[in-house]
Amino acid sequence: MDSVEGPEGPPPRVGALSLPSRIAVALTVGCVAVGALYHLGMVFLHVAPSNTLSKEHATAVSDYIYPEFEQNWKLFAPDPLQQNIHVQARADVLEPDGSRQTTGWVDLTAIDIAAMRHNPFPSHTQQNELRRAWGFYTDTHDTTERATAGDRSDLSRTYLLQIVEKRFGPTLNGGKVTRVQVRSATTPVAQPPWITGGAAQSTDYRVLPWWDVNTGSASTASTDPSAVPTTIPSAVPSTQPSAAPSAAAPVPSSTPSSGQENAS
């Protein structure tokens, strides 16, 4: 049966493209294919059992994988998390009159969870960015915050700082954010009701030092759902870390100050 042609002739085909267009299409498809194969190869070497090839190219594989493509899964013996870890942060704000004010602790993890709740298609950033950044930092620093992995330690610190900077934005409470401080609040997962004598549900805190903000890293406040509110209550005096705050009501921790503060 003969094909029916429209009034303007047969539909265009790839063969009807000009030679330069066909070359451009072929190069584009080839580059995408090579890039996909390279990515899959690097990820495979990263997650595969140690072998001669992965050992020989360990540096190149690590430089490509960390931190954006880091894999954290096990094929045969998964180890479920036994703790709830919330990453929290606060900011040191320079007011227009020259005074300084420290915000209360803001639970960034709780903000991510609130943004994902009832969302059938939560973003990869909301699910993993903050959690993996904190895991990357703790894997490359000891409990006294000393670097244990050379350049990777510096990379993990910069990565975590940039995420917190983006969440807070350059201004808060009408002032300029000059420093940020991060801490984690770790609480054991509650035991099921049929188990008695479980560990007490206490929260442990790991408080990092104050970090100066790179004022040139952002010029406007973030519109991401994970960003913190542009106004955060100031805190009241406290010598002990307070309980994990909610996304809507950060727990206060210190008062406005005119000088430098030590970590809690």
Exercise for review: Would you check which residues across the range 112-130 are crowded, with 16+ Cβ neighbours inside 10 Å and among the charged types (D, E, K, R) and list them?
Suggested key: ASP112, GLU129
Check your understanding: Here are some conditions: (1) part of a helix (DSSP H, G or I); (2) at pLDDT below 85; (3) surrounded by fewer than 10 Cβ atoms within 10 Å (Cβ to Cβ). THR59 meets all but one. Which one does it not meet?
Key -> (2)
Review point. Which of (1) within 13 Å of GLN88 (Cα to Cα); (2) of a type outside the set (A, V, I, L, M, F, W, C); (3) within 15 Å of the chain's Cα centre (by Cα) is the odd one out, the single condition THR103 does not satisfy?
Key: (3)
Exercise for review: Answer yes or no as to whether SER156 is within 30 Å of THR59 (Cα to Cα) and either touching a helix residue (DSSP H, G or I) at 6+ places or on another chain (Cβ under 7 Å) or surrounded by fewer than 16 Cβ atoms within 10 Å (Cβ to Cβ) (or both).
Suggested key: yes
Review point. Looking at the range 125-140, is at least one residue among the hydrophobic types (A, V, I, L, M, F, W, C) and part of a strand (DSSP E or B)?
Key: no
Practice item. Might you check whether a residue that is among the charged types (D, E, K, R) and either at pLDDT 90 or above or in a strand (DSSP E or B) (or both) occurs anywhere in the range 79-92? Key: yes
Check your understanding: Somewhere in the range 172-190, is a residue modelled with pLDDT under 80, touching a helix residue (DSSP H, G or I) at 6+ places or on another chain (Cβ under 9 Å) and surrounded by 15 or more Cβ atoms within 10 Å (Cβ to Cβ)?
Key -> no
**Study point:** Some residue of the range 98-110 being surrounded by 10 or more Cβ atoms within 10 Å (Cβ to Cβ), outside the structural domain of TYR137 (by TED's automatic domain parsing) and not basic (Lys, Arg)
**Key:** no
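The values are calculated or read from the model by the stated rules, or taken from the named source; none is laboratory data. Values in this document were obtained by computation on a predicted structure and should not be read as measured data. Cβ sites come from the backbone with ideal geometry, for glycine too, and all protein chains shown count toward neighbours.
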